[in-house]
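A quick write-up on the structure given underneath.
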Amino acid sequence: MAQPAAAGMEEAVKAMQAGDTATAEKELQVLVKERDPRAQYFAGLFIYGNPDSKLYDPNKATPMLLDAAERGYVPAMLPIAGAYAEGKGVPKSMFEAYKWVAIAERWNVPQATMLLEHAARDLKPNEIEKATAAAQAFVFKTK
């Protein structure tokens, strides 16, 4: 028998596969309130962060992705970098985008190195140096 959290994720995934974002949102609500990083990532990226979703809302998506990334959920790191790069749900900041890609690279996220080079195009050398230092100094939240 599946645990309640696992069951909620399973039902949410099934609903998303069926194109039923409203049911997926409903299934994830309890987990999102408990700050389950998997649920935050799933809801933030696929339900509220997907422009094709009927529930698209970057102001809901980005805080969930940021919280998951700040607590060390690796899959959320590149999407939050993208949110900063585009200014979706957060103020546009290539510094923050670069920092998050650098953190992702440290955790061996595929494509992070390529994206780091791309993000560097919009920053001055001293900004890259500061963003790199911020990434290296970053400590994941535990709560």
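Bear in mind these aren't lab numbers, they're just calculated from the coordinates by the rules spelled out. Keep in mind that this is a model prediction, so the values were computed, not measured. In this analysis, Cβ positions are derived from the backbone assuming ideal geometry, glycine residues included, and neighbour counts consider all displayed protein chains.
Full extension of the segment from Phe140 to Lys124, taken as 0.36 nm per residue of separation minus the current Cα-Cα distance, would add 3.1 nm. Mean residue ellipticity at 222 nm, helices only, the chain: -19500 deg cm²/dmol; runs of at least 4 DSSP H residues each add -39,500 (n - 2.57), and the sum is divided by the number of residues.
Ile80 sits among other residues whose Cβ lies under 12 Å from its own Cβ, and their net charge, with Lys and Arg +1 and Asp and Glu -1, is -1. Charged side chains reduced to their Cβ positions (Lys and Arg at +1, Asp and Glu at -1) give the chain a dipole of some 320 debye around its Cα centre.
Grab the beta carbon distance between Phe95 and Ala22, set R0 = 41 Å, and tell me the FRET efficiency rounded to 0.05. In this case the efficiency is close to 0.65. What net charge do the residues around Glu70 carry, taking every other residue with its C-beta under 12 Å from that of Glu70, with Lys and Arg at +1 and Asp and Glu at -1? Once positives and negatives cancel, what remains is +3. For the chain, the orientation-averaged shadow of the C-alpha convex hull comes to 9.0 nm² (one quarter of the hull surface).
Assuming a ≥ b ≥ c are the square roots of the Cα gyration tensor eigenvalues, decide whether segment 25-105 counts as rounded (a/c under 1.5), prolate (otherwise, with a/b larger than b/c) or oblate. Numbers along the way, then the final one.
Values: a/c = 2.35, a/b = 1.37, b/c = 1.72.
Since a/c reaches 1.5 but b/c is at least a/b, the shape of segment 25-105 is classed as oblate.
The simple spin-label model puts a point 7 Å past each Cα toward its Cβ; for Arg71 and Gln111 those points are separated by 2.5 nm. Spatial offset of segment 74-143 relative to segment 17-65 amounts to 22 Å, using the alpha carbon center of each. Here's the list of lysines a cross-link from Lys33 could span, going by alpha-carbon distance under 23 Å and ignoring same-chain residues fewer than 8 apart: Lys14, Lys54, Lys60, Lys88, Lys141, Lys143. Here the spin labels are modelled as points 7 Å beyond Cα on the Cα-Cβ line, and at Glu86 and Leu55 they lie 1.9 nm apart.
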